[in-house]
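Right, one structure below, let's go through it.
What follows is calculated from the coordinates using simple rules that are stated; it is not laboratory data. Predicted model only: the values in this text are computed from it and were never measured. Cβ atoms come from the backbone with ideal geometry, glycine included; neighbour counts cover every protein chain shown.
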Ligand SMILES: Cc1ncc(COP(=O)(O)O)c(C=O)c1O
């Protein structure tokens, strides 16, 4: 698991929030970037990784096998980051791809049920399950107060026909972290598959699947993993793999004697024994080059250090916003996503609460990138943020209140 990693030139002592790290992200010089929950910003070494791929294409200087080393390497780096082994990691396109791979492969029988908090999940963790109702499964909507995922209610909703629970590690709004340990421990006792939509936490909060009771975890590299859109990972715990029969199949996912993805193997194939059984056809190679570079950087920083850094800044930001008398959402578990206002007082990109609209406007005018989601003003932190970003937000919002005559 600790095979040698590619090294980022001249960045051997990267520290969260340091000027050296911030200098790698052009967007950090141009904006106060607080929107990792929406999308990544590209660091120079990651862009250089993609440029190397494009150079190879331009000059016909590497073949497919050479490019696919980046797929192998990114898979290994992601496995190392989350305390898994590479054979438990499938390379996917995005979260939806990973969740659907499990949903469609899962051996449901008619009358089995799946638990989900419809009021708290991203649509891409809802439609896969609505679609599985065709197979005769019951979708149980577990309601939580104010759009929250209520782990106690989830546990109370489990019965002998519950086969799978699907939850976000951190919801896209209000940005609350789910108590995966409590939920997963109960799932383990009952043999229920715990599937996690991990895109809001991957690369930012520390994960260790050798300890966390998680059976499946889907993410893309388009947020905290700091890579490109269209590339992602699906973790499936080894003891589940041979019970999950992929619905789609290509040479990539088939265990058919030779390893060449273009050569026909034997007709008497089986799905690969590892998570690669979910991989389909050619890879997003640009995404693989980017992921190799971004995961190298994140591993150098260390996800424990990143988590400690963002949680400290998040506390400071919440305290400051509370001092300004703004309606700060109070998460039950520490989270790097800070939201203001009522959940569902609006929707995607707008709020019915004029205070949220105004806060968003003044922040935008001051070059602070935040988002409006589910009617809330949302800010998310990552390794490149520092105290000056927090001060900027508080100064801008304090001035806005002064101007508004508070
Ligand atoms: C919690 C969550 N799940 C899923 C997604 C996106 O899913 P996909 O990678 O399939 O586009 C997002 C993106 O905003 C998200 O916040």
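Subtracting the Cα-Cα distance of residue 210 and residue 47 from their residue separation scaled by 0.36 nm leaves 55.5 nm.
Figure legend: label point modelled 7 angstrom from the Cα of residue 316 along Cα→Cβ; residues of the stretch 11-41 with amide N under 17 Å from it are 15-23, 32-35.
Residues 267, 289, 127 in ascending order of nearby Cβ atoms (within 10 Å, fewest first): 267, 127, 289. Short-range pairs are left out: with C-alpha atoms under 8 Å and at least six residues apart, the relative contact order of the chain is 22 percent. By the beta-carbon count within 10 Å of each Cβ, the least crowded to most crowded order of 101, 74, 262, 18, fewest first, is 262, 18, 101, 74. Using the rule -39500 (n - 2.57) for each DSSP H run of four or more residues, divided by the residues of the chain, the 222 nm mean residue ellipticity is -11500 deg cm²/dmol. In percent, rounded to a whole number, the relative contact order of the stretch 1-148 is 16, using alpha-carbon pairs under 8 Å and six or more apart.
Between residue 182 and residue 145, the modelled label-to-label distance comes to 1.2 nm, taking each label 7 Å out from Cα in the direction of the beta carbon.
To the nearest 0.05, what FRET efficiency results for residue 30 and residue 134 with a Förster distance of 35 Å applied to their C-beta separation? That gives a FRET efficiency of 0.15. Highest mobility in the GNM of the chain, judged by mean-square fluctuation with C-alpha springs under 10 Å and restricted to 357, 62, 185, is found for 62. Extension gain, residue 161 to residue 270: 0.36 nm times the residue separation minus the Cα-Cα distance gives 36.3 nm. Between residue 398 and residue 55, the C-beta separation translates, for a Förster distance of 51 Å, into a calculated FRET efficiency of about 0.60. The simple spin-label model puts a point 7 Å past each Cα toward its Cβ; for residue 249 and residue 365 those points are separated by 6.2 nm. Just to be sure I understand: of the beta bridges DSSP finds with both ends in the stretch 64-298, what percent are antiparallel, rounded to 5? Here the antiparallel bridges make up roughly 45 percent for the stretch 64-298. Put a dot 7 Å past the Cα of residue 189, heading toward its Cβ, do the same for residue 38, and the two dots end up 4.2 nm apart. In this structure, residue 262 and residue 109 have a Cβ-Cβ separation that, at R0 = 41 Å, corresponds to a calculated FRET efficiency of about 0.60. Taking the fewest neighbouring Cβ atoms within 10 Å as the starting point, the ordered list for 303, 104, 58, 221 is 58, 104, 303, 221.
A viscosity of 1.567 mPa s and a temperature of 4 °C, combined with the Kirkwood radius over Cα pairs in Stokes-Einstein, give a translational diffusion coefficient for the stretch 64-298 of 72 µm²/s. Using C-alpha pairs under 8 Å with a sequence gap of at least 6, the mean separation divided by the residue count of the stretch 303-403 gives a relative contact order of 29 percent.
Semi-axis lengths, largest first, of the ellipsoid equivalent to the chain are 35, 29, 17 Å, with √(5λ) applied to each eigenvalue of the Cα gyration tensor.
In terms of packing, defined here as the mean over residues of other Cβ atoms within 10 angstrom, the peptides 150-161, 224-235 line up highest first as 224-235, 150-161.
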